[in-house]
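Structure record follows, encoded as structure tokens.
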Amino acid sequence: MRKIFGYFLAFLRTVNTLVGGFVSVALLLLLIVGLMSFSDKKEESPKITLQNNLLIFNPSGSVSERPAAAGALNVRTDVELEKLLRVLRNAALDSRIQAIVLRLEELSGISLLKARVIGRELLRFKQSGKPVIAYGLQYTQEQYLLASYADDIFMHPMGSVVLAGFGIERTYLKEALDKLGVTVNLFRSGKHKSAGEVFLQNEMSAEEKASNSEIVDTLWATYQNIVNTNRGLSPGYIRRLAEDPATVLQEAGSLNKSEAMLESGLVDGLMTLHEFNDYIGKLTPFADESFERIDYLTYSSGEDFSGLLKRILPASDNKIGLIVAEGVVVDRSDDSRFVISAESMVKKIRLVRDDDQVKALVVRLNTPGGSALASELIRQELDLLKNAGKPVVISMAEVAASGGYWIATTADLIWASKTTITGSIGVFTLIPTFGDALKNLGIRVDGVSVGMLAGTSSARDPSAEFARWAQFETDSVHENFVRRLSVGRNLDLEEAARLANGRVWTGGKASELGLVDYLGDLEDALASAAELSQLDDWEVKRFDLEPPWSQWINLIRYSAF
């Protein structure tokens, strides 16, 4: 198949030279149709009956905003958020889908932010007059948060809802490193910059405890508010249940854990899976009618070719570009799906700049930071995009700190969630040395050198000259960070320096401090980008990893044949 496709691309280059790109695109579409037909011969596409379909919403793995990579050999353990949202949006408008059943046992990880976004789509589905029902053998804290958006929650009679609360815990290594003879040399700017403390201390510093307590309290309060609102529970009940579950459940008047959870209102019914299947079989609008169960993957892959053509040939000429960037910020990487590669990001931003249909760009950031140089390269490219007249909007996901905030400083607008972790506007340099460890093993290092760096080795402690240089380098990068903050957020240098002290903030607090413009989700950020561009009619165009057919079209568009 690869050879056939290679021959076909070579043929397209010849045709393009002779008659132009239009015929090439037409031939490429014929190839796509042929490949789809070829695939259909091997495996029939899933069929969806015309009525009475029960959509089983059963995502497996962790929910990620990172797009799926093209190619059949791609292996991943997470599911793309946008795919889940698209399924729910389509199901709300699809007369063939009569209800949704949430089966969340295989959902291993979902953040508060992503659960709220999916929950919003579930509420919209319910507004279409169709019920959402949840069933689980048991529920983790994350699974229960998503289940709370259902009209009714059912659980196995031997099941449980496990509420753990939120916490931040670190492992401190100083004592162990001392015993091993390893010295960690830390140079930092920003007294609250806690990265590296695990190597130098045996416990969390008071400053970091204060910062982390604020984050944990915000996350926990947000979780309780969502569940209490969705389930009609009394304020404080979820907190008490997480802190002293035995006492709270005993107050419900039953020694049986699941029955106590039923009495307290956490769930609406206890049923075996067989009993649950009988229940939904008799539930309006299915009473006395046969219906089909279809899982969300089958539903999402059952779209006809006309739907594919709509995505290839969209109606609107106005585009809002979207780049989802997740992971540690690095200079370059062979696989930018798992890091934010400056090399890859710069290429994508340039594509946005060169695309006349794209009027603005939204960058969805989810990163703890990373290389200052890589962050600056990305920021500079975003600055060039702004200078070209295209607004730049940053949408912060769960985390957009340190190098992530460095990237954000050039944006026209910054959006964050109330529970986003951001800030950490500081710099650190960490250099371990192993001189004592080597001495304990009877190993000695000696030699001659000219120049400070030439005489520096991990086998000996840094010289006073090297320590001064390392601190100077760290302070220099921090100074650049402060200036980026000052210009980007229109702050005087003194105020910028006060905020740029390594402190981590929640999105809500960052909004109060002026580090963030608005609180909202990606959907809000996209709408604001359209508003900045004065667009009434627009569509989203993604510039991260795309499906194979989209990559083929871009290949024709951007390659020099």
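The values are calculated or read from the model by the stated rules, or taken from the named source; none is laboratory data. Worth saying up front: this structure is predicted, and the values here are computed from it rather than measured. Every residue, glycine among them, receives a Cβ derived from its backbone with ideal geometry; neighbour counts consider all protein chains shown. Ligands, DNA and RNA are excluded from the accessible area calculation, which covers all protein heavy atoms including side chains. Shrake-Rupley method; radii C 1.70, N 1.55, O 1.52, S 1.80 Å.
Here are some notes:
- Inspection of the range 424-435 identifies no residue that is without any contact (Cβ under 8 Å) to a residue 40 or more places away in the chain, of a type in the set (A, V, I, L, M) and more than 30 Å from I118 (Cα to Cα).
- V328 being in contact with a Leu (Cβ under 8 Å, 6 or more places away or on another chain) and surrounded by fewer than 20 Cβ atoms within 10 Å (Cβ to Cβ): no
- Breaking point among (1) at pLDDT 95 or above; (2) open to solvent by 10 Å² or more (accessible area, probe 1.4 Å); (3) of a type in the set (G, A, S), for A150: (2)
- Scan of the range 93-116 for residues that are under 22 Å from the mean Cα position of the chain (by Cα), of a type in the set (S, T, N, Q) and in a strand (DSSP E or B), ordered by number: S108
- Candidates A500, A470, A496 - the one that is of a type in the set (A, V, I, L, M, F, W, C) and within 16 Å of P432 (Cα to Cα): A470
- Screening the range 403-460 for strands (runs of 3 or more DSSP E) wholly inside it with 1 or more residues that are out of contact with any helix residue (DSSP H, G or I) (no Cβ under 7 Å at 6 or more places or on another chain) and surrounded by fewer than 17 Cβ atoms within 10 Å (Cβ to Cβ) returns the ranges 427-433.
- Members of the range 463-497 that are out of contact with any Phe, Trp or Tyr (no Cβ under 8 Å at 6 or more places or on another chain), of a type in the set (S, T, Y) and in a helix (DSSP H, G or I): S476, S486
- Residues that are at pLDDT below 90 and not in a helix (DSSP H, G or I) were ranked within the range 241-267; the one that is most open to solvent (accessible area, probe 1.4 Å) is L255.
- Residues in the range 475-497 that are within 17 Å of L382 (Cα to Cα) and among the β-branched types (V, I, T): V487 alone.
- Every test in (1) under 19 Å from the mean Cα position of the chain (by Cα); (2) under 27 Å from S213 (Cβ atoms); (3) open to solvent by less than 20 Å² (accessible area, probe 1.4 Å); (4) of a type outside the set (F, W, Y) is passed by E398 save one, and that test is (3).
- Single match in K126, K130 (criterion: open to solvent by 10 Å² or more (accessible area, probe 1.4 Å) and outside any helix (DSSP H, G or I)): K130
- Residues in the range 446-476 that are modelled with pLDDT of 80 or more and not charged (D, E, K, R): 11 in all.
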